[in-house]
Amino acid sequence: MTTLYITGAGVSAESGIPTFRGEDGFWSIGSRNYTPQQMATRAMYEQNPAEFLKWYYHRFVTYRHHGPNAAHYWLADKQLITQNIDGLDGKAGNEQFISIHGRIDKVTPFHIQGEDVEVDMAPWDEVDENNLTMSLLDLFKISSKGPELNVSLKPLVLLFDEFYTDLYGIDCAQKRMWDASKMVFMGTSFSVNITQMALDIARQKGIPIEVVDPEPTHIMHANVEYFAMTAKEYIDRDKRSQL
């Protein structure tokens, strides 16, 4: 039996990283001039790269040194697709996890979606926070012309107005969904396309689903079990059942 785990921001909450849509979440906080839904777009990166990069730096990059928690370590040997970009699953030892929305520690050349490009380490440690705007624009090779294709850099993050490509591992993710005999969704609000894609496949296959979240979203599926608890509580429960 192959169980596929699909995780969201709730799994990283115990590592001190705010969830996306909670009261302290990223999407409840905008920039001074734009809503988060406006900020997290390719259009914003193209039209106002300074505003985009400052927002991205403050909302995501400042958490880059946080460490994994018990849930990440428990998932280290599991088939895993995560919506999180924090890279904590890799830090915990999972060498095959799919980070379907990107990674805060990676960048690519700015490119047309679907093109095959190199992935490099992000230059965050070189940022001068005393001169944040100019430092970010310089490090990401953005001139007064704005981002230039195949010249400028772009954070490896899937934005609201972008689509899944193999750069983010979508082909491998879909294969794991089709190969799974069970799916466990942990700490996700089911508000993104990847969870809907997985649910559609689970329904077609008629496989069991578990939903783990303190306030689980109820979904349309014939064989679903809900666990109104945190990922840590679920893991502790699983460990006790193994005794």
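Just so you know, in region 46-69 the residues that are surrounded by fewer than 15 Cβ atoms within 10 Å (Cβ to Cβ) and farther than 20 Å from THR133 by Cβ include one that is modelled with the lowest pLDDT, and it is HIS65.
Residues that are of a type in the set (Gly, Ala, Ser), surrounded by 15 or more Cβ atoms within 10 Å (Cβ to Cβ) and over 20 Å from the mean Cα position of the chain (by Cα) within region 147-202 comprise SER152, ALA180, ALA202, listed in sequence order. Out of the residues in region 124-179 meeting the condition of being free of Cβ contacts under 8 Å to residues at least 60 places away in the same chain and among the basic types (Lys, Arg), tell me which one is nearest to LEU53 (Cα to Cα). If we take residues in region 124-179 being free of Cβ contacts under 8 Å to residues at least 60 places away in the same chain and among the basic types (Lys, Arg), then LYS141 is nearest to LEU53 (Cα to Cα). Taken over region 63-77, the criterion of being without any contact (Cβ under 8 Å) to a residue 60 or more places away in the chain and not in a helix (DSSP H, G or I) is satisfied by HIS65, HIS66, GLY67, PRO68. Restricted to strands (runs of 3 or more DSSP E) entirely inside region 134-243, those with at least 2 residues that are touching a Ser or Thr at 6+ places or on another chain (Cβ under 7 Å) and at negative phi are 153-157, 182-186. Residue-level analysis places GLN196 outside the set of residues that are touching a residue at least 12 places away in the same chain (Cβ under 8 Å), under 18 Å from GLN83 (Cα atoms) and out of contact with any strand residue (DSSP E or B) (no Cβ under 6 Å at 6 or more places or on another chain).
Yes or no, residue by residue, for (1) touching an Asp or Glu at 6+ places or on another chain (Cβ under 7 Å); (2) under 24 Å from GLU14 (Cβ atoms):
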residue: LYS145; (1), (2): no, no
residue: LEU156; (1), (2): no, no
residue: ASP171; (1), (2): no, no
residue: LYS175; (1), (2): no, no
residue: VAL192; (1), (2): no, yes
residue: GLY206; (1), (2): no, no
residue: VAL212; (1), (2): no, yes
residue: PHE227; (1), (2): yes, yes
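Condition first: under 27 Å from GLY8 (Cα atoms), surrounded by fewer than 21 Cβ atoms within 10 Å (Cβ to Cβ) and polar (S, T, N, Q). Can you find one or more residues in region 119-132 that meet it? Scanning region 119-132 turns up no residue that is under 27 Å from GLY8 (Cα atoms), surrounded by fewer than 21 Cβ atoms within 10 Å (Cβ to Cβ) and polar (S, T, N, Q). Filtered by the rule that a residue be of a type outside the set (Asp, Glu) and assigned to a helix (DSSP H, G or I), region 35-51 gives PRO36, GLN37, GLN38, MET39, ARG42, ALA43, MET44, TYR45, GLN47, PRO49, ALA50.
The values are calculated or read from the model by the stated rules, or taken from the named source; none is laboratory data. Predicted model, so just to flag it, every value in this text is computed and none were measured. So basically every Cβ, Gly included, is an ideal-geometry build from the backbone, and we count neighbours across all protein chains shown.
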